[in-house]
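Here is the structure we will look at.
The values are calculated or read from the model by the stated rules, or taken from the named source; none is laboratory data. Keep in mind that this is a model prediction, so the values were computed, not measured. Note: ideal-geometry Cβ built from the backbone for every residue, glycine included; neighbour counts use all protein chains shown. What goes into the accessible areas is simple: the full protein's heavy atoms, side chains included, and nothing from ligands, DNA or RNA. Shrake-Rupley method; radii C 1.70, N 1.55, O 1.52, S 1.80 Å.
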Amino acid sequence: MAVSSGFTGAKLENWLLLCNGSPSPAPSQSPSRASLSWPSPIGFPRRRFLSQRGVSVGVGFNRVVRCKVAASDAVSGSPDVDTSSISALEQLKTSAADRYTKERSSIVVIGLSVHTTPVEMREKLAIPEAEWPRAIGELCSLNHIEEAAVLSTCNRMEIYVVALSQHRGVKEVTEWMSKTSGIPVSELCQHRFLLHNGDATQHLFEVSAGLDSLVLGEGQILAQVKQVVKVGQGVVGFGRNISGLFKHAITVGKRVRTETNIASGAVSVSSAAVELALMKIPESCHGTARMVVIGAGKMGKLVIKHLVAKGCTKMVIVNRSEEKVAAIREEMKGVDIIYMPLTEMLKCAGEADVIFTSTASETPLFLKEHVETLPPVSSEVGGLRLFVDISVPRNVGSCVADVSTARVYNVDDLKEVVAANKEDRLRKAMEAQAIISEESKQFEAWRDSLETVPTIKKLRAYAERIRVAELEKCLSKMGDDLPKKTRRAVDDLSRGIVNKLLHGPMQHLRCDGTDGRTLNETLENMHALNRMFSLETEISLLEQKIRAKVEQIQK
């Protein structure tokens, strides 16, 4: 391994000694992790990498190396190489810090979804969209996290990160999730799923395509993935790898919906909620049941549209302001839509047979004491007041289920509706998987190509320094009275020679999937150029990462 003069000898030893003690050696047997499967929403199993119950992932070393010194101390020291540099390198090779030079930064997703986690836990982990930039900042302040993104919806809470160390990064993110939600780490580990690199990429592509949704092919998730990119623009920590991953996921989601018929006849969470409500009341009452929709946002509007499609011609919409309700009324002419403010919510609920809730409230709108005082529902509609809650966090408290005259359904109960047409859904999903597999390879090729970017930049800079030095020598010999036109011609000549000489090496440093060159061949070329021209990219990058993290800790 070639070591740059700027990161040898005393400087390397300083960094090692100024860390919080030397890391303990790895235990002889690392904690095992089970590779588990569960039924996916499209009818076939998909592998997930879950930590075994009670086992914390990422404890291969007894403690995490944390720098607690000033950045100036961590990067100061003599640039000269001395005999101590050999022992310092040996310490680096045998320490936890060696992870940074041996393994590339990993893309990791730590998630809890409707398939693995009950809504009671998901609502505690939910992060409002307005809080995503803050969450990204906090995640990237962790010692081993470079980039981050948050995808928080009613069906999932997933955190995507680029981790300097895969195991330590997972441990830090899990602890952060525990701290922000109040859920013990041990409990999170029982429900979370972990996916790394190619598996994480494929998972997000499946999410964007609607394959991982409770309702196959639903379109709202693609809009939510787009929103992650929109919110992340300009946020420090939403870096090149994560940004590229989510943008590619949007492309995949669009392509799957365009090239397959996965979206044809697909239902959304809102339409499934309407179907569920209608399944629970007598068919003779579908047109006469009194409907109330609380919340006129995107989900609420979709509920209203599906109610109208099912023949409902009159409903009450409870919302904070009348503006959105007026727009819905204008769009759905011929339907009797009555607006009521939130202050009249309980009164409206007392006059309703079915109540749909879809607001962004972080606290329940209905509790047991509210519901048990409401007047009884007519026996013609079953004698039970139905609450269909599609919000996360939930708008209807779990205690309402204890009321004998009420029935409460949340997003987890929609599985009863989407279980139909399983074979047809599986066939559509298989068509989409072929596209996702192809796109995953393209994204991995793009990410692999980033490995050689530092070498390309350093090789160009190296050649430019030589060109400029030799050009100055040449021009000085030609005299001061040399015409500008001639100077420009000589300068252009030197640039042309350098560009033509670099063309071949540059082509062999690119691995974007457009030719037959493999990643291994490209990396071999990169290492060969590093040795031939002493570019020393690897250690230089390590130094940059350590500098950045030490400065981050100091702040």
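Just need log10 I(q)/I(0) for the stretch 332-489 at q = 0.12, 0.16, 0.20 Å⁻¹, Debye formula, equal scatterers on the alpha-carbon atoms, no solvent, rounded to two decimals.
These q points yield log10 I(q)/I(0) values of -0.80, -1.00, -1.24.
What accessible surface, in Å², does a 1.4 Å probe find on Glu123, ignoring ligands, DNA and RNA and rounding to the nearest 10?
40
So what are the radius of gyration and Dmax for the Cα set of the stretch 113-211, in Å?
So, for the stretch 113-211, Rg and Dmax equal 12.8, 34 Å respectively.
Distance check, please: which entries in Lys280/Lys314; Lys458/Lys485; Lys171/Lys254; Lys457/Lys485 exceed 26 angstrom between their Cα atoms?
Lys458/Lys485; Lys171/Lys254; Lys457/Lys485
Per residue, how many Å² of accessible area does the stretch 121-263 show with a 1.4 Å probe?
I get 31 Å² per residue for this part.
With every protein chain kept in the model, how would you rank Ser113, Ser284 by accessible area, 1.4 Å probe, largest at the top?
Result, largest first: Ser284, Ser113.
Please give me the summed charge of the neighbours of Ile136: other residues whose Cβ is under 15 Å from its Cβ, Lys and Arg +1, Asp and Glu -1.
So the environment of Ile136 carries a net charge of -4.
Rounded if a/c is under 1.5, else prolate if a/b beats b/c, else oblate: with a ≥ b ≥ c from the C-alpha gyration tensor eigenvalues square-rooted, which is the stretch 316-369?
Verdict is prolate for the stretch 316-369.
Counting only other residues whose beta carbon sits under 15 Å from that of Ser494, what net charge do I get with K and R as +1, D and E as -1?
After counting each charged neighbour, the total is +4.
If you plug each phi of the stretch 334-341 into the Karplus form 6.51 cos²θ - 1.76 cosθ + 1.60 with θ = phi - 60°, what whole-Hz ³J(HN,Hα) values come out, in order, with x for Gly and Pro?
Listing the rounded values in order: x, 10, 7, 9, 10, 8, 9, x Hz.
In what sequence, highest mean first, do 324-337, 149-162 appear when ranked by Cβ atoms within 10 angstrom?
149-162, 324-337
Where the accessible area of the stretch 196-271 is counted over protein heavy atoms with a 1.4 Å probe, how much of it, in %, is carbon and sulfur?
Carbon and sulfur together cover 51 percent of it.
I'd like the accessible area for Asp481, computed on protein heavy atoms only with a 1.4 Å probe and all protein chains in place. Round to 10 Å², please.
Per-residue accessible area (Asp481): approximately 130 Å².
Enter the accessible area of Arg192 (Å², nearest 10), with the probe set to 1.4 Å and all protein chains included.
10
Sort 224-235, 379-390 for me by packing, meaning the mean count of neighbouring Cβ atoms within 10 Å per residue, highest on top.
379-390, 224-235
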